[in-house]
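Worksheet for the structure shown next.
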Amino acid sequence: MGRQMRQNDALVSYEKYASLFAGCIARTAAASAISPIELVRTRMQSSATHDFATVMRGISTEINNGGLRTLWRGLVPTLWRDVPFSAVYWFGYEQWKERVYEPMFASIDVSLGASRSELKSDVLARLATAFCSGASSGIVAATLTNPFDVAKTRRQIERHASPKSNTAQHTTLVRVVRHIVATEGIRGLYAGLAPRLMKVAPSCAIMISSYELGKAIFSG
């Protein structure tokens, strides 16, 4: 009996991190699956002609020379940015929702409940909770992972500016981060943070609130 209770307590302690691990696994799987498409998109945007056939011929030549792993070139820097973001976002979303916004909107719901139908009030409270939790968690996740986003962008720019340079091709994300800190200081790792937050916060809020609203509607 005591052993079973200890096992249940252990499961409860790990359960609160389920969203963190699930976010890591989901983002890793998604980024790995779409990496070839991302490669085509990046090449088309950086190509002088923007011609699909030309880009595909170039990628085909690279596959012949370097094998299929060429399609997953650049995956590691993407994972460095996206996996921590997803982990922080989904874990933070659950925490913001349970600890801050659910209690807050529940208290508001009680004070306004007399003037609204119970169903409408519940849906609005869930929508507001999801919207605010998504925005808050997105802001935190974007802020914490912005250095990886800056380093990935700088690395892409260097590779496209000097496509034949071995130094540019093999510069790791860690080296890019160290170079930015050495030349620009810590502040350089947060370049472009404001525009990123302006994009991430509303997109995360709209995405998760739409999901929660759809779930509420279709679950009856």
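The values are calculated or read from the model by the stated rules, or taken from the named source; none is laboratory data. Quick caveat, the model's predicted, so the values are computed rather than measured. Note that each Cβ is placed from the backbone with ideal geometry, even for glycine, and that neighbours are counted across all protein chains shown. The protein model used for the area step is the full one, side chains on, heavy atoms only, and it has no ligands, DNA or RNA in it. Shrake-Rupley method; radii C 1.70, N 1.55, O 1.52, S 1.80 Å.
So that you can scan it fast, the table gives a plain yes or no per residue for (1) at pLDDT 85 or above; (2) of a type outside the set (F, W, Y); (3) under 18 Å from K16 (Cα atoms):
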position: M56; (1), (2), (3): yes, yes, no
position: G74; (1), (2), (3): no, yes, no
position: W90; (1), (2), (3): yes, no, yes
position: F105; (1), (2), (3): yes, no, no
position: I108; (1), (2), (3): no, yes, no
position: S111; (1), (2), (3): no, yes, no
position: S115; (1), (2), (3): no, yes, no
position: K120; (1), (2), (3): no, yes, no
position: S133; (1), (2), (3): yes, yes, yes
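May I ask you to verify whether E38 is within 22 Å of R155 (Cβ to Cβ), part of a helix (DSSP H, G or I), open to solvent by 50 Å² or more (accessible area, probe 1.4 Å) and of a type in the set (D, E)? Spell out the reasoning first.
Numbers: within 22 Å of R155 (Cβ to Cβ): yes; part of a helix (DSSP H, G or I): yes; open to solvent by 50 Å² or more (accessible area, probe 1.4 Å): yes; of a type in the set (D, E): yes.
Taking the combined requirement at face value, the residue satisfies it.
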- Item | Every residue from region 180-206 that is open to solvent by 90 Å² or more (accessible area, probe 1.4 Å) and at pLDDT 95 or above | M198, K199, I206
- Task: State all residues of region 10-32 that are open to solvent by less than 100 Å² (accessible area, probe 1.4 Å) and at pLDDT below 90; if no residue qualifies, say none.
- Result: A10, V12, S13, Y17
- Item | Residue within region 146-157 that is modelled with pLDDT of 80 or more, over 22 Å from Q45 (Cα atoms) and open to solvent by less than 70 Å² (accessible area, probe 1.4 Å) present | yes
